[in-house]
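**Q** There's a structure below that I have some questions on.
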Amino acid sequence: MPNQSSHPLEEENRASRTIDPCIVVIFGATGDLTGRKLAPALYNLGKDGMLPANFATVGFARREKSHQEFRDELKEDINSYSRVKPIDEPFWKNFQEQIFYHRSEFDDDAGYAALHDFLETLDSRFATRGNRIFYLSVQPKFFPLIIEKLRKAGLIYDHKTTGPWSRVIIEKPFGHDSESANALQQEISKYLDESQTYRIDHYLGKETVQNLLVFRFANSIFESLWNYKHIDHVQITVAEDIGIGTRGHFFEEEGLLRDVVQNHMMQLLSLVAMEPPVSLSASAIRDEKVKVLQSIRPLSPDDFKNHVIRGQYGPGYINGKDVIGYSQEKDVNPKSHVETYLALRLFIDNWRWAGVPFYLRGGKRLPKRGSEIAIIFKDAPGVLFQQRDKHNDPNILAIRIQPDEGISLKINCKVPGPSSPIQPVKMDFRYGSYFGQSPPEAYERLIWDCILGDSTLFARADEVTQSWQIYTPLLEFWASQAPSDFPNYAAGSWGPKQSDEMMAKDHRAWRLL
Ligand code: BG6
């Protein structure tokens, strides 16, 4: 990582950035996320010298396994998924000595008592001083149970500002709708203080997403343009070429709205639209993000029909291969009504954004992977060049979240030569070529921040519940109105035609990615 001592969004006034010794316990240690993301993140943090010197990792799961078997499995995962490959053998040889496995059912009191004792022996061996992170990478139905058991076994302590600490990282989805999110919050808050709760949304850990605030508030030239006077509309896209793979069960429960839109895309929207925070403290930043969510105009029945387009992919052709449709995927109901695509229009009813539409679209099995935020500025007045030349495009600021992370600004320019036509050109900044390295994985940043006790890049309870409030009426409407035209887009296309029609009705068009 470029700068170990600070990052622009770190909490201000933290007493120190010294990193406490600790043990990270991963629940769901044999699951997909651990292999693909968490193990590579811990390994890369270790390799980059970012972990505390006194540190250990414990995998907690239900399958029988020895410490060494667990280590060997993680090694294979790291070799497959780490951003830096192959694994560094001499480093791994030592690093794996700090990795352990603990088998237990999630509801077994004896398993937690044994974990308690085991962690104490690790404390004596590695001088980890009782500090704990519990990472819940399990099905959401287990969140309250595990937190309650941890608390009762004395593994979650009362929140204090000194002495040993315990923190819990909770994977998404946090609830299924407003009611379930509120119920979950009530349940976990019996055992866990908000300051110990780290609700992960890995989009917040992406370098490009963190850079949004720096871009907006560390540069004077954009902020004065960042409002309804100069901006015509905003487009936020999270496009994926992959299908749902082996996650049929999960996706049948969630759908794209719950999986990507309610969390990742709303985080992007909040960061683009928020007011400058009073400071860089976690609470100041999150206060401003919540205000954006509170200002979103509730979706009306007219919006449900005309400004929300849901889709599901059918068979198609992508990246040179024929692929099956969603309803033929493993563990999916052949008559499924679950959406794999969503496009919608939102308005933020506050002074800055009055009347500016925010168009969001996300989908699986689109032609390519690409997430971006595009700020489309208003046209220049219709005089001078605009009268003569039809090639005047609006200025567009495109913030590429991934891949090819960077920022580009489209401006109109004179083509050299006497005839003087005007052509749009791009000023382009690319992280990779400028900084000479690809950014670290989101999970590295987030785990590191949790070790440091910095919750800025995690979602606060009110952010999550506010976002559910926006979408719950839509989910209820959908539950009463099964779509009649699924599948309505071919894998490898840019989604249902109604999505383009929605934009066309507003005299706009989706950007080509
Ligand atoms: C996850 C969703 O949260 O985000 C996945 O569950 C999705 O369905 C993924 O593919 C997208 O993340 P990224 O970092 O690949 O854009």
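The values are calculated or read from the model by the stated rules, or taken from the named source; none is laboratory data. The structure displayed is predicted, hence computed values, not measured ones. Glycine also receives a Cβ, built like all others from the backbone with ideal geometry; neighbour counts cover every protein chain displayed.
**Q** Restricting to the range 100-154, what's the tally of residues that are part of a loop (DSSP other than H, G, I, E, B), aliphatic (A, V, I, L, M), touching a helix residue (DSSP H, G or I) at 6+ places or on another chain (Cβ under 8 Å) and touching a residue at least 60 places away in the same chain (Cβ under 8 Å)?
**A** Matching residues across the range 100-154 total 1.
**Q** Can you tell me which residue is farthest from the ligand (Cβ to nearest atom) among those in the range 155-178 that are touching a residue at least 60 places away in the same chain (Cβ under 8 Å) and part of a strand (DSSP E or B)?
**A** Checking each candidate, the answer is R167.
**Q** Restricting attention to the range 187-206, and to residues there that are assigned to a helix (DSSP H, G or I) and of a type in the set (A, V, I, L, M, F, W, C), which single residue is farthest from the ligand (Cβ to nearest atom)?
**A** I188
**Q** Another one. Here is a check on your reading of the model: is I348 closer than 28 Å to E288 by Cβ, β-branched (V, I, T), within 16 Å of the ligand (Cβ to nearest atom) and touching a helix residue (DSSP H, G or I) at 6+ places or on another chain (Cβ under 6 Å)?
**A** The answer is no for I348.
Conditions (1) away from the ligand (no atom under 11 Å from the Cβ); (2) in contact (Cβ under 8 Å) with a residue 40 or more places away in the chain; (3) surrounded by fewer than 21 Cβ atoms within 10 Å (Cβ to Cβ), marked per residue:
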residue	(1), (2), (3)
H264	no, yes, no
S270	yes, yes, no
V278	yes, no, yes
P298	yes, yes, yes
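**Q** Tell me, which residue of the range 227-259 that is within 10 Å of the ligand (Cβ to nearest atom) and among the aromatic types (F, W, Y) is modelled with the lowest pLDDT?
**A** Filtering the range 227-259 for residues that are within 10 Å of the ligand (Cβ to nearest atom) and among the aromatic types (F, W, Y), the one modelled with the lowest pLDDT comes out as F250.
**Q** Cβ-Cβ below 7 Å, separation at least six or inter-chain, first residue in the range 422-439 and in contact (Cβ under 8 Å) with a residue 12 or more places away in the chain and farther than 15 Å from P394 by Cβ, second part of a helix (DSSP H, G or I) and of a type in the set (G, A, S): which pairs?
**A** Listed pairs, sorted by first residue: S438/G432.
**Q** If the requirement is being under 26 Å from I373 (Cβ atoms) and either surrounded by 21 or more Cβ atoms within 10 Å (Cβ to Cβ) or among the small types (G, A, S) (or both), which of these qualifies: K149, K172, K229, K206?
**A** Exactly one residue qualifies, and that residue is K206.
**Q** So D302 ticks every box in (1) surrounded by fewer than 17 Cβ atoms within 10 Å (Cβ to Cβ); (2) within 12 Å of the ligand (Cβ to nearest atom) but one. Which box is left unticked?
**A** Just one mismatch for D302, condition (2).
**Q** Also, quick follow-up: Can you list residue pairs whose Cβ atoms sit under 9 Å apart, with the first residue in the range 212-225 being under 13 Å from I407 (Cα atoms) and the second being assigned to a loop (DSSP other than H, G, I, E, B) and hydroxyl-bearing (S, T, Y)? Count only pairs 6 or more apart in sequence or on different chains.
**A** As it stands, the answer is none, since no pair meets every condition given.
**Q** Now a separate question. What do you reckon, is V209 away from the ligand (no atom under 14 Å from the Cβ) and closer than 30 Å to L225 by Cα?
**A** no
**Q** May I pose another question? Do we find a residue being hydroxyl-bearing (S, T, Y) and in contact with a strand residue (DSSP E or B) (Cβ under 7 Å, 6 or more places away or on another chain) anywhere in the range 296-312?
**A** No, the range 296-312 contains no residue that is hydroxyl-bearing (S, T, Y) and in contact with a strand residue (DSSP E or B) (Cβ under 7 Å, 6 or more places away or on another chain).
**Q** Restricting to the range 198-225, what's the tally of residues that are farther than 30 Å from L38 by Cβ and not basic (K, R)?
**A** Counting residues in the range 198-225 that are farther than 30 Å from L38 by Cβ and not basic (K, R) gives 9.
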